Amino acid sequence: MSQIFGRHFDLVFRLSLIGLVSATAGTILLWRAATSAAISQPIEQPIPFSHKHHVGDVGIDCRYCHATVDRSAYAGMPVSSTCMNCHSQLFTDAPMLAPVRDSVRDGKPLQWNRVYRLPDFVFFDHSIHVTAGVACATCHGDVSRMPLIAQEAPLTMAWCLDCHRRAQRIAARVTRRDRAQLSECSTCHR
C-alpha cells in the first residue's frame, strides 16, 4: 500500500501546530498587555474635562451628560450644547473651553477619544446593566475623584464573568432563565 503523506509530513505538521499555538498565545498576551497598560492612564481629550469637578464638586449626575446610558447600548457623549447650558454663564471666556464654543458655533461635534474599548467580538449594553441596578462606579470607578478619566477596570472576560456570577448569587428574584443567560456565551459574544 502506498503512503499518502511523505516521510516529513509528521514533522511539518507538528511544527505548524506549535507555530499556530505560539502565534495565538502571543497575540493574546500582547492584547492583555496593551489592555492592562491602559488601566489608570488618562487618555488625552479635546478638552481636559474633569469628572472630579463636575461630578464630585458640582454634583452633576452621570445621566446629564451621558443621556442615553439607561436606554441604549451606548452611554453616549454629550453634545457641546449640553456643556454650554452652564458654560454660557460660567467661565465663558476660559481658553480651555474654546473647543466647546467652536463646536457649538461650527455645528461640529467634539471628537472625544474612547477610554474604554472592548474587542469587536464583545457586545456590551449599558442600558441592561444600568436598569438592573449596576452602578456606574462598578466598571468606571469613582469618577468623582478623577481629574482626568482613565480606565479603571480590566474588562477581561474573567472580570466580567466574576461580576455576572456575583449577580447570579445575589439575584434571587431573577427568573431561572435570566440567571442562566447571565453566563451564556451568546449574551456577550454575538
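Report the FRET efficiency, 1/(1 + (r/R0)^6), for Arg117 and His8, where r is their Cβ-Cβ distance and R0 is 45 Å, rounded to 0.05. That gives a FRET efficiency of 0.55. In sequence order, the stretch 56-70 has phi-based couplings of x, 7, 8, x, 6, 6, 3, 6, 5, 8, 9, 5, 9, 4, 9 Hz under the Karplus curve 6.51 cos²θ - 1.76 cosθ + 1.60, θ = phi - 60°, and Gly or Pro positions carry x. The angle between the Cα long axis of helix 157-170 and the main principal axis of the chain comes to about 70°, on a 0 to 90 degree scale. Ranking Trp159, Gln111, Met96 by Cα position along the charge dipole of the stretch 43-190, where only Lys, Arg, Asp and Glu carry charges on their C-beta atoms, puts Trp159 farthest toward the positive end. Computed from backbone phi, the HN-Hα couplings of the stretch 92-98 come to 4, 10, 4, x, 5, 8, 4 Hz, rounded to whole numbers (Karplus: 6.51 cos²θ - 1.76 cosθ + 1.60, θ = phi - 60°; Gly and Pro given as x).
Modelled this way, with points 7 Å down the Cα-to-C-beta line, the labels at Cys86 and Phe124 are 2.5 nm from one another. This model, with +1 at the C-beta of Lys and Arg and -1 at the C-beta of Asp and Glu, gives the stretch 83-176 a dipole about its Cα centre of some 420 debye. Per-peptide packing, taken as the mean over residues of other Cβ atoms within 10 Å, places 99-112, 136-149 in the sequence 136-149, 99-112 from highest down.
The angle between the Cα long axis of helix 9-38 and the longest principal axis of the Cα atoms of the chain comes to about 10 degrees, rounded to the nearest 10. For the peptides 39-45, 21-27, the ranking by packing is 39-45, 21-27, with the highest mean count of neighbouring Cβ atoms within 10 Å listed first. The packing ranking of peptides 8-19, 51-62, highest mean first, is 51-62, 8-19, where packing means the average number of other beta carbon atoms within 10 angstrom of each residue.
Which entry in (1) 30; (2) 39; (3) 55 matches percent of Cα pairs over 24 Å apart derived from the coordinates of this structure? It is the value labelled (3). Magnitude of the charge dipole for the chain, about its Cα centre and with charges confined to Cβ atoms of Lys, Arg (+1) and Asp, Glu (-1), is about 660 debye. Each helix, a run of at least 4 DSSP H residues, gives -39500 (n - 2.57); summed and divided by the residues of the chain, these come to -13000 deg cm²/dmol at 222 nm.
Since every read-out is calculated from the coordinates, none of them should be taken as a lab result. All figures in this text were calculated on a predicted structure; none of them were measured in a lab. Counting neighbours? That spans all protein chains shown, and the Cβs are built from the backbone with ideal geometry, glycine included.
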